[in-house]
1. Calculate, in nm to one decimal, what ARG266 and LEU188 gain on full extension: separation in residues at 0.36 nm each, minus their alpha carbon distance.
2. Taking the mean number of other Cβ atoms within 10 Å as a proxy for protection, how do you rank 264-274, 244-254 from highest to lowest?
3. Using per-residue counts of other Cβ atoms within 10 Å, averaged over each peptide, order 375-384, 177-186 from highest down.
4. Hey, got a sec? Which trypsin sites (Lys or Arg not before Pro) in the range 22-87 land in a DSSP loop and have at most 16 other Cβ atoms within 10 Å?
5. For the range 180-305, what is the convex hull (Cα atoms) projected area averaged across all directions, in square nanometres?
Amino acid sequence: TLMSWDAVICVPQTLKALAAYRFGGLFVGLVLNLIVFILFVLSIVLVYSLLLISVETKTFQLGILRMIGLNRRGLVELILIQALSYVLPALVFGLLAAVGGNALVARMFYRLTRIPVSSALSWRSIVYSCTLGILIPVVASFLPIKAALQLNIHEALDVHRSKTKVVAVQLERTATRVNWTGVLVGLLLAVFGFCIYYLVPLALISFNIALFTNIFFAVLMGMLFGFVVLSLNLEQLVERAVVFIFLWWETTAVKRMVLNNLVAHRLRNRKTTIMYAVALAFIIFLMVSYTMELETSKMDALKQKGTELAVDVESNYRKLEGILQQFMRGSRPPIHSYASVSTSLDQSLGTKQLQGEKVAFDLVTIENIGHLHVQYSTITAVSPNVFDTTGSQFLRVSERIDGGRP
């Protein structure tokens with residue numbers, strides 16, 4: 001028999017079995033990318049807060065160093081070394097923990113499946129982690145370096161005055177100054193419009209699920225940080241509400257003093273507010289994603305099997321029925337009933353000779369009166385209590401015939 005190469009189709013059984021979970025893998029990848037991004041932002045805010053507090057508390061030491069000849073480059077190197085001292089031990093410890101955790105997971109996977117998996121970290125994961133580990137202190141030290149370089153030596157050496165500024169006045173010339181806020185907002189809106197009007201239709205037309213999930217990831221990030229900014233704008237109202245609720249018995253002077261202190265420390269407390277808001281949103285997102293993934297897997301299994309526990313039997317059903325009865329008596333939680341479903345006629349009979357005529361049981365169809373709509377169906381034998389033991393989420397029965405009577 002001659003056969004051309006285009007008539008041969010090779011389908012690996014492993015890929016065929018995993019094809020049903022390809023969208024689940026994309027969703028898990030989206031969640032992991034979101035987790036990495038949020039942890040990256042939280043790490044930057046945390047290191048930034050530590051560096052800024054260090055700069056504010058060591059203004060006198062920095063003033064002495066600047067007075068004895070420390071130049072701007074030396075000050076930048078000092079803050080960068082301090083930022084790296086926060087991150088490098090965590091990076092080394094994280095890589096060691098990743099090696100140990102990967103080896104443990106690979107060993108457990110081999111015990112369950114007998115499939116050997118490499119326990120060594122790939123070079124991409126090492127480069128990825130090291131890149132993030134270096135970017136965190138570099139990005140987090142930008143604003144503390146700017147604050148340290150703008151430090152006035154006279155104010156830094158004055159130990160009799162508080163460094164906290166309640167009122168700050170800043171004069172700016174609008175004629176020669178570029179409005180960077182407007183430029184940034186314009187660029188973000190332009191990118192947003194490009195994604196909505198070009199990338200989203202492209203992803204839907206080409207069925208590029210990876211591109212669509214990346215756009216969805218960007219939308220989630222925008223929503224998250226948008227709500228964080230909204231919470232910052234509502235900070236003053238929340239402060240007044242907290243003072244009114246918890247200090248209702250105090251005099252007006254005490255309430256006013258507390259509100260003035262909150263206003264004076266608002267800029268310093270804003271970093272804590274951002275970390276708290278992002279961390280809370282991160283925890284809520286994880287819980288919702290975890291619950292949704294479990295419910296989706298559960299409903300998918302119920303849709304395929306029809307019940308929470310299904311036993312497939314190829315032969316010798318009578319022997320298995322006694323085993324099921326024994327299992328039901330000793331199960332915890334108890335199993336009150338079970339139903340039986342036979343194989344379909346097209347699988348068991350196929351095409352048979354009945355009264356001298358060929359009957360194709362694998363071509364059973366249901367048609368309307370005008371023979372316009374044809375639907376292939378399967379015929380199976382079920383026990384009378386099949387609707388009592390199976391789930392009703394995915395099955396709607398409009399008419400039943402019990403005992404030969406409708």
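Just so it is clear, none of the values below were taken in a lab; they were calculated from the coordinates. Predicted, not measured: the structure shown is a model, and the values here were computed from it. As a convention, Cβ positions derive from the backbone with ideal geometry for all residues, glycine included, and neighbour counts pool all protein chains shown.
1. 25.3 nm
2. Highest-to-lowest ranking by the protection proxy: 264-274, 244-254.
3. Ranked by mean Cβ neighbours within 10 Å, highest first: 375-384, 177-186.
4. LYS58
5. 12.8 nm²
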